[in-house]
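The structure that follows is given in the form of structure tokens.
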Amino acid sequence: YLPDTGPRVRVNQVGYLPGGPKNATVVTEATDPLPWQLRSAAGTVVASGTSAPRGVDAASGQNVQTVDFSAVKTPGTGYTLVVDGETSHPFDISGAVYDRLRADSLQFFYAQRSGTPIDGDLIGAAYARPAGHLGVAPNQGDTDVPCQPGVCDYRLDVRGGWYDAGDHGKYVVNGGIATYQLLNAFERTKTAETADGGAALGDATLRVPERGNQVPDILDEARWELEFLLRMQVPAGQPLAGMAHHKIHDRAWTGLPLAPQDDPQPRELHPPSTAATLNLAAVGAQCARLYARYDAAFAQRCRDAAKTAYAAAKAHPAIYASVTDGTGGGAYEDDKVADEFYWAAVELFLTTGDKAYLADLTASPLHTADVFDAGGAFGWQSVAALGRLDLATVPSTLPATEKAKVRASVTAAADRYLDAARAQAYGLPLPGTAGAYVWGSNSNIVNNAVVLGTAFDLTRDARYRDGAVQAADYLLGRNALNMSYVTGWGEQNAHNQHSRIFAHQLDPALPNPPAGSLAGGANAGIQDPYAAQLLAGCAPMFCYVDDINSYSTNEIAINWNSALAWLASFLADQGDA
Ligand code: 9MR
């Protein structure tokens, strides 16, 4: 199966920043350099040159050449690139390319909210729906949820939060990284001199019910999840008090489509885990420092919960979520929690300045380890990098020599991601091997771009910013499939992602995912039956299909959109570069 991939000239179908890198990839039989022309919307040739042969690209199996037209800096709309008799999709050169993506990618979270009606006046009538999982029939939760048999004998009100992805589950570890990335995108605007997004991430920048409440909307959105995460903590007086339940979801898997308010399945709390508890500690600590000036009482609740969680995790350091606990919801298994311990200690140190947390983080073997995986990326299961990035950027009493080492580790990782990007004919910061194209590969690419963006914030070295731009180019169309993985962005974009809510492909009365929703991306493991039969034998970058059935290549997820939101916010700030 080889899909029609349109014109053989692959560009960022949305656009390029005037001062940024401008690269394209051409699929061709030719092995000698080819002439290229950049044309204005009116058809005038505004620049020309010759392409660079790259041979056969490992990730796609295609013979390709690359075009670099970075020298063109004149803003305009409707440019096309013509090479080898083929005309690319049109694109802009504009400093505003990423401005709306910053808001769209964050708007996704409102559409994923659980336990509240979704207001069509805010995000479009097609997205309006009643509150889900508030115990109104046929729903059975989430206001009074029992544990799985034998796990506990209390019930918890765990309403709210975001639905994780295309399912109706709510998972503390994935909520943790997603919340971290939203909070970090906000905190960056306060700490990075290279950010000019303070206003762009302020109040009334998102279409959320809380707009106009004098609190930056991104914090309002993150709080929706934080309140849920706090509810997942085991109450005082109970066994394992202070720990966090790993997850809450349906007893059995449900089919598609299924609106949240129509889900009849019993909801169940799964056992507490050390990983979930440390996620609560880490984001609780972030919450405590970032909300203090907006809501002191909430910040204090977060601080208390974070400290309690951290102590509970130390008392129960090896309670692991099992890979076999995957009925009715994802497993989110994790039996290595040294990284969660490190991340939580960092966040608590940054918030409290307490020497005990500093001692814990410096004693961690991960403190001096390379926490940035050159072959993959950080993610929900591998979170030491989250702590490292914050230790490098958030003002603290960390001794200067230590801080220099921490920062050097970030730029060293960024250097490796630049090497990886240079080796790719499609320019993305990911190695070309099948092993790099895993479930949610798009989030790995974006997370590596987050490291690049942070390295730019730390150094102002434009090479790092350019690497981050190239990751966005890949997402928005410069790839083997010639498609944008962000709904509503680019000529040819993913819009049939796996979702029980936005299941337009199955029921035309339902909407597609909202603009700004990121698809999981190419997954060489093709781990769902639909992709497995359709894509068997695929080259890594081709292991993707924009079909609602393919949950292992084409799901929406909060941890992917949080990465996109961070990157879009960073890039929007570079518009004048
Ligand atoms: O993102 C998760 C990925 O890293 C795992 O390989 C995969 C299989 O365990 O699960 C992914 O997470 C899914 C979760 O288990 C259930 N909700 C949807 C998530 C995104 O596909």
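In segment 504-536, what residues are within 16 Å of the ligand (Cβ to nearest atom), crowded, with 19+ Cβ neighbours inside 10 Å and under 24 Å from Gly329 (Cβ atoms)?
Selection gives Pro513, Ser517, Leu518, Ala519, Gly520, Gly521, Asn523, Ile526, Asp528, Ala531.
Out of segment 264-294, which residues are of a type in the set (D, E, K, R) and more than 21 Å from Gly175 (Cα to Cα)?
Arg293
Of the residues that make up segment 292-314, is at least one more than 28 Å from Ala185 (Cβ to Cβ) and within 16 Å of the ligand (Cβ to nearest atom)?
no
Considering only residues of segment 315-324 that are touching a residue at least 60 places away in the same chain (Cβ under 8 Å) and over 19 Å from Asp360 (Cα atoms), which is nearest to the ligand (Cβ to nearest atom)?
Ala321
For Glu268, work out the one condition from (1) within 23 Å of the chain's Cα centre (by Cα); (2) within 22 Å of Gly329 (Cβ to Cβ) it doesn't fulfil.
With respect to (1) within 23 Å of the chain's Cα centre (by Cα); (2) within 22 Å of Gly329 (Cβ to Cβ), Glu268 is out only on (1).
Of the conditions (1) more than 16 Å from the ligand (Cβ to nearest atom); (2) closer than 21 Å to Ala436 by Cα; (3) in a loop (DSSP other than H, G, I, E, B); (4) not small (Gly, Ala, Ser), Asp576 clears all except one; give me its number.
The failed condition is (2).
If I ask for residues that are surrounded by fewer than 24 Cβ atoms within 10 Å (Cβ to Cβ) and under 25 Å from the mean Cα position of the chain (by Cα), which ones from segment 271-289 would you list?
Once the filter is applied, which keeps residues that are surrounded by fewer than 24 Cβ atoms within 10 Å (Cβ to Cβ) and under 25 Å from the mean Cα position of the chain (by Cα), segment 271-289 yields only Arg289.
Just to be sure before I move on: is Val410 among the β-branched types (Val, Ile, Thr), farther than 23 Å from Val56 by Cα and either within 16 Å of the ligand (Cβ to nearest atom) or crowded, with 18+ Cβ neighbours inside 10 Å (or both) in the structure I sent?
yes
Further, regarding this structure: Taking the stated definitions as given, is Gly197 at pLDDT below 95 and either surrounded by fewer than 23 Cβ atoms within 10 Å (Cβ to Cβ) or under 14 Å from Ser569 (Cα atoms) (or both)?
Spelling it out, Gly197 is indeed at pLDDT below 95 and either surrounded by fewer than 23 Cβ atoms within 10 Å (Cβ to Cβ) or under 14 Å from Ser569 (Cα atoms) (or both).
Could you list, in sequence order, the residues of segment 515-572 that are assigned to a loop (DSSP other than H, G, I, E, B) and among the hydrophobic types (A, V, I, L, M, F, W, C)?
If the condition is that a residue be assigned to a loop (DSSP other than H, G, I, E, B) and among the hydrophobic types (A, V, I, L, M, F, W, C), then Ala515, Ala519, Ala522, Ala524, Ile526, Ala536, Cys538, Ala539, Cys543, Val545, Ile548, Ile556 are the ones that fit.
Just for segment 431-485: of the residues that are among the β-branched types (Val, Ile, Thr), away from the ligand (no atom under 16 Å from the Cβ) and part of a helix (DSSP H, G or I), which one is surrounded by the fewest Cβ atoms within 10 Å (Cβ to Cβ)?
Among them, the one singled out is Thr459.
Next question. Looking only at segment 326-377, count every residue that is touching a residue at least 24 places away in the same chain (Cβ under 8 Å), within 16 Å of the ligand (Cβ to nearest atom) and more than 24 Å from His245 (Cβ to Cβ) and tell me the total.
Residues that pass the stated criteria total 3.
Here is a follow-up. Any residue at all in segment 55-66 that is touching a Gly at 6+ places or on another chain (Cβ under 8 Å) and more than 30 Å from Gln424 (Cβ to Cβ)?
Scanning segment 55-66, I find no residue that is touching a Gly at 6+ places or on another chain (Cβ under 8 Å) and more than 30 Å from Gln424 (Cβ to Cβ), so the answer is no.
Just wondering, is there one or more residues in segment 537-558 that are more than 16 Å from the ligand (Cβ to nearest atom), under 12 Å from the mean Cα position of the chain (by Cα) and not small (Gly, Ala, Ser)?
no
Continuing with this model, one more query. Quick check, is Val410 more than 27 Å from Ala536 (Cα to Cα), touching a helix residue (DSSP H, G or I) at 6+ places or on another chain (Cβ under 6 Å) and modelled with pLDDT of 95 or more?
yes
OK, next. Please determine whether any residue of segment 135-157 is within 16 Å of the ligand (Cβ to nearest atom) and touching an Asp or Glu at 6+ places or on another chain (Cβ under 7 Å).
no
Somewhere in segment 21-36, is a residue over 23 Å from Leu567 (Cα atoms), in contact with a His (Cβ under 7 Å, 6 or more places away or on another chain) and modelled with pLDDT of 95 or more?
No, there is no match, as no residue in segment 21-36 is over 23 Å from Leu567 (Cα atoms), in contact with a His (Cβ under 7 Å, 6 or more places away or on another chain) and modelled with pLDDT of 95 or more.
Restricting the search to segment 396-407, which residues are of a type in the set (A, V, I, L, M, F, W, C), surrounded by 15 or more Cβ atoms within 10 Å (Cβ to Cβ) and part of a helix (DSSP H, G or I)?
Once the filter is applied, which keeps residues that are of a type in the set (A, V, I, L, M, F, W, C), surrounded by 15 or more Cβ atoms within 10 Å (Cβ to Cβ) and part of a helix (DSSP H, G or I), segment 396-407 yields only Val406.
Which of the residues belonging to segment 68-99 are more than 20 Å from Val486 (Cβ to Cβ) and crowded, with 23+ Cβ neighbours inside 10 Å?
Leu81, Val83, listed by residue number.
While we're looking at this one, here's another question. Report the residue count in segment 165-213 for those that are within 16 Å of the ligand (Cβ to nearest atom), in a loop (DSSP other than H, G, I, E, B) and of a type in the set (D, E, K, R).
Total satisfying the criteria: 1.
Yes or no: segment 377-395 includes at least one residue that is charged (D, E, K, R), touching a His at 6+ places or on another chain (Cβ under 9 Å) and not in a helix (DSSP H, G or I).
no
Hey, another quick one. What number goes with the only condition from (1) touching a Gly at 6+ places or on another chain (Cβ under 8 Å); (2) more than 16 Å from the ligand (Cβ to nearest atom); (3) under 24 Å from Pro257 (Cβ atoms); (4) in contact (Cβ under 8 Å) with a residue 24 or more places away in the chain that Ile123 does not pass?
(1)
The values are calculated or read from the model by the stated rules, or taken from the named source; none is laboratory data. Keep in mind that this is a model prediction, so the values were computed, not measured. When we count neighbours, we look across all protein chains shown, and the Cβ atoms used for this are built from the backbone with ideal geometry, even at glycine.
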